[in-house]
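A short worksheet on the structure shown next.
The values are calculated or read from the model by the stated rules, or taken from the named source; none is laboratory data. A quick note: this is a predicted structure, and the numbers were derived from the prediction, not measured. Cβ coordinates were reconstructed from backbone atoms using ideal geometry, including for glycine residues, and neighbour counts include every protein chain displayed.
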Amino acid sequence: WIVEGVARREGGEYLYVPTPVENTFYTEEAIAKARLFEALDIDYTVSLEAYDLGGNIAIDLARPDIAFKALEKCLREAEKLGAKYIVVSECGADHKWALTFSNLLAREVGESIPSKTFVPVHTLIEKTLSSRKPPIKKMARAALFSSCTIGRHYPLLYNYLKNVTVSIVEQLEEKPWRHRYNACCGGSCLNVIREKWARDLRRRIGLERVSSYKSQTILVPCTKCYISFKQALLFARKRDKKVKLVTTALLETIRARERR
């Protein structure tokens, strides 16, 4: 999707790094973010050289050496393109890796990495919405699910996430989960285990989480949550619920207002 020229590749203030899942199976979600940045006049760019922050490798820290190289590559590419900030995706693994382990990388490369270098995508969007206030046609009702990382370690990020969803939903159903384990949506670490018991458990957890909401639409911040819930609904043949990424839902509400 980057090669085909769908998104900007010239220099921008923000370098957006999609998750590997968005670069392979769900390119439409990465494209939706690019369109959202354009709708909000965010000066962004993407790059073929910066496509993984290392977070997916860092789930179990099996290959931190490879993860460090991926993270360093993104930093070097941002420097080359003149980008001041790197936009971290919704993926909890990316959050933990970029925001927590970048100080270890700084020791490896012998350079300091300012914490403000990394900007979580919902933080950027919330601050942009506050200042520019684009016209939005709100959804009537939806539920908000928070990822394991946001729920456990970054309560401030949840506030930004909630503010974004409040701006697009009339009646927001929320359960700020206090997650005690990674597989809160059924995904995360269970996604990398191929045995049948893990697959069945992943589907059961995902279905339980989705079914716990009264709303038909469940908004999620993370691509792993998105995949887990969609797979659970597909397996259970449930058509009364649907799952959307918060960023995609925001783009749809902006476009719906523009069409009026």
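Quick notes
Here is a yes/no grid of residues against (1) of a type in the set (S, T, N, Q); (2) at pLDDT 70 or above; (3) part of a helix (DSSP H, G or I):
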position: Tyr158; (1), (2), (3): no, yes, yes
position: Asn163; (1), (2), (3): yes, yes, yes
position: Leu172; (1), (2), (3): no, yes, no
position: Trp177; (1), (2), (3): no, no, no
position: Arg180; (1), (2), (3): no, no, no
position: Cys189; (1), (2), (3): no, no, yes
position: Arg194; (1), (2), (3): no, yes, no
position: Asp200; (1), (2), (3): no, yes, yes
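- Spans of helices (runs of 4 or more DSSP H) in the range 78-140 with at least 1 residues modelled with pLDDT of 75 or more: 92-95, 121-132
- Scanning the range 205-260 for residues that are closer than 20 Å to Thr128 by Cβ, out of contact with any helix residue (DSSP H, G or I) (no Cβ under 9 Å at 6 or more places or on another chain) and either at pLDDT 90 or above or not charged (D, E, K, R) (or both) yields Thr253, Ala256.
- Test: residue in the range 246-253 that is under 22 Å from Lys138 (Cβ atoms) and either assigned to a loop (DSSP other than H, G, I, E, B) or free of Cβ contacts under 8 Å to residues at least 60 places away in the same chain (or both): yes
- Count - residues of the range 1-36 that are among the acidic types (Asp, Glu), out of contact with any strand residue (DSSP E or B) (no Cβ under 7 Å at 6 or more places or on another chain) and either at pLDDT 85 or above or crowded, with 20+ Cβ neighbours inside 10 Å (or both): 2
- The set of residues in the range 26-58 being assigned to a loop (DSSP other than H, G, I, E, B) and touching a residue at least 60 places away in the same chain (Cβ under 8 Å) consists of Tyr26, Leu40, Asp41, Ile42.
- Matching residues in the range 48-58 - criterion: being over 13 Å from the mean Cα position of the chain (by Cα) and surrounded by fewer than 21 Cβ atoms within 10 Å (Cβ to Cβ): Leu48, Glu49, Tyr51
- Leu61 being assigned to a helix (DSSP H, G or I), surrounded by fewer than 16 Cβ atoms within 10 Å (Cβ to Cβ) and either at pLDDT below 85 or polar (S, T, N, Q) (or both): no
- Residues that are surrounded by 15 or more Cβ atoms within 10 Å (Cβ to Cβ) and assigned to a helix (DSSP H, G or I) within the range 228-242 comprise Ser228, Phe229, Lys230, Gln231, Ala232, Leu233, Phe235, Ala236, listed in sequence order.
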